[in-house]
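Asker: Quick one: the structure is below, questions incoming.
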Amino acid sequence: MILALTANGPGEFSGWVRPLLTALYARDPALDARIFFVPDDYATGQESAVARALFPQAHIYAPREYVRFALGATLAGMPAHADRVQYLGGDLLHASRVHARLGGVATTYKFSRKNYARTIVRAFAVDEANRAQLLAWGTPSERILVVGNLAIDGALGEAAGDFGDPPSDVARDGIMILPGSRKHEVANLYSLFITAALHLRRRLPGVPIAFGRSPFTTDAELRTAIQSGGDPRVYGTPADLTADGTAIRVGAELFPVVSATMRAAARARLAITIPGTKVIELGALGIPAVVCIPLNAPELAVINGPLQYLGRLPGVGAPLKRAAVLAVVRRQAAFAQPNIDAGRMIVPEIVGTIMPARIAAIAAERYADAAWCAQTGAELRALYAGHAGAAQRMSAALLDPQGFS
């Protein structure tokens, strides 16, 4: 079978593509998988390299190669036809374009739109709420299959070492800090959280504190970012990355850095992070988090839709983008996905112009409450337990020759 996938950024690759493709290869080692990384503001630029290292048997196309293909170019070795074209991130129009070029059965995960309702033969849903969304987008009920959240399998697999990562005790019963992987996050949030880590060290002197870095962030990018201290508005502390890339050094302090974040986070008591796939993954492992939504420099954030490009307008761009981001934030009741999924605040959220000392104070208070950590961890684990096995269910459906008749 020839299966084409479209994906965009680090969260979608790690949380969706990685567990699904692992399950697909386990079922069909001879699968011919074609992964198209599409242009996207959430992308880091390292997705193709990471995918090639993890799945050497797959055919990987970087965004520039996808663009050439989408515009009609012939790529060496590209088959004339695919059996399935599966959307797994980015704008749906990219999956539609790949389908137009390769044909086959068009399938999607989580997202659709009314203008794609006739084209998509199978829509895989995360849960019943997502099923309702797909119905509202015009997807016929008989074409929807609820499989669960793929990110849960991604987190459980990484924590168990299924992707080849060695075990890590750097945050055992300690605090894991996950600043993010997008370019503006690397450039600024590491420095914010480094200052918070220094405050935490003074509050909790014997507690392990480690940073989880994305495999999509290079040593050079991280070193440049933390040496600068970030935007002045994040109150960052300049630091350095050790030569081997395994620790952040700030004066006499040394904070371990790991790239297999869930492998290490699974042994932590608490995490500090920002909204995104990582909060769901931590929840699946039963690790509560203090979720930070820094609005110190809102015009630097990436947001969905055309408002993202306001910031590029000369002169007026920055204030317009800042106002747009703040307007979006005011409409949002919750930012951490577990809080959204549960319909209540399970994990704390810190929203606004955030001082590092405030992050440290809240995190230290939560960490010291071992009962809260245990109870919240159990609630999070229960919230996502039913999603485990999503990759197996979805891979079985994709490979079933009779599944789309």
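The values are calculated or read from the model by the stated rules, or taken from the named source; none is laboratory data. No experiment lies behind these values; they were computed from the predicted model shown. Ideal geometry is used to build each Cβ from the backbone, glycine not excepted, and the neighbour counts take in all protein chains shown. Just the protein is used for accessible areas: all its heavy atoms, side chains included, with ligands, DNA and RNA removed. Shrake-Rupley method; radii C 1.70, N 1.55, O 1.52, S 1.80 Å.
Asker: With a 1.4 Å probe and every protein chain kept in, tell me what percent of the accessible surface of region 48-162 is carbon plus sulfur. All intermediate terms of the calculation are to be shown ahead of the outcome.
Answerer: Working: 2750 of 5140 Å².
C and S atoms contribute 53 percent here.
Asker: Another one. Report the gain in length on full extension from VAL67 to ILE340: 0.36 nm times residue separation, minus Cα-Cα distance, nm rounded to one decimal.
Answerer: 94.8 nm
Asker: I need to check one value: relative contact order of region 192-282, counting alpha carbon pairs closer than 8 Å and at least 6 residues apart, in percent.
Answerer: Numbers: 95 pairs, mean separation 24.1, N = 91.
Relative contact order here is 26 percent.
Asker: Only one of the listed values, (i) 1.41; (ii) 0.98; (iii) 1.07, was derived from the coordinates as Cα Rg over 2.2 N^0.38 Å; which label is it?
Answerer: Only one option fits the structure, namely (ii).
Asker: Oh, and also: Mind giving me the nanometre distance, one decimal, between the label points for ARG331 and ALA136, set 7 Å out from Cα along Cα→Cβ?
Answerer: 1.2
Asker: Check the straight Cα-Cα distances from LYS278 and name the lysines below 17 Å, setting aside those fewer than 8 residues away within the same chain.
Answerer: Straight-line reach from LYS278, under 17 Å: LYS183.
Asker: What is the extension gain from ALA361 to ASP244, computed as 0.36 nm multiplied by their sequence separation minus the C-alpha to C-alpha distance, in nm to one decimal?
Answerer: Working it through step by step, the gained length comes to 39.0 nm.
Asker: Considering region 18-60, what Rg and Dmax in Å follow from its alpha-carbon atoms?
Answerer: Both quantities, over Cα of region 18-60: 11.2, 33 Å.
Asker: Keeping all protein chains in place, calculate the accessible area per residue for region 255-381 (probe 1.4 angstrom), answer in Å².
Answerer: Heavy-atom accessible area per residue stands at 41 Å².
Asker: Could you state how much accessible area ILE340 has, in square angstrom rounded to the nearest 10, with a 1.4 Å probe and all protein chains kept in place?
Answerer: Estimated to the nearest 10 Å², ILE340 gives 80 Å².
Asker: What percent does the relative contact order of the chain come to when contacts are Cα pairs within less than 8 Å and at least six residues apart? The partial results should precede the final answer.
Answerer: Numbers: 792 pairs, mean separation 67.0, N = 405.
Value for the chain: 17 percent.
Asker: Return the FRET efficiency for the residue pair SER228, GLN402: r is the Cβ-Cβ distance, R0 is 45 Å, and the value is rounded to the nearest 0.05.
Answerer: Efficiency, from the Cβ-Cβ distance: 0.20.
Asker: With a point put 7 Å past each Cα toward its Cβ, work out how far VAL351 is from ALA388 in nm, to one decimal.
Answerer: Here the modelled spin labels are 3.3 nm apart.
Asker: Quick one: check the C-alpha center-to-center distance for region 166-203 versus region 89-113, whole angstrom.
Answerer: Cα centroid to Cα centroid, the span is 36 Å.
Asker: Another question about this same structure. Order the following by accessible area, largest value first: HIS184, HIS81, HIS94. Probe radius 1.4 Å; ligands, DNA and RNA are ignored.
Answerer: The most accessible residue leads, giving HIS81, HIS184, HIS94.
Asker: Could you state how much accessible area LYS110 has, in square angstrom rounded to the nearest 10, with a 1.4 Å probe and all protein chains kept in place?
Answerer: Here the accessible area works out near 60 Å².
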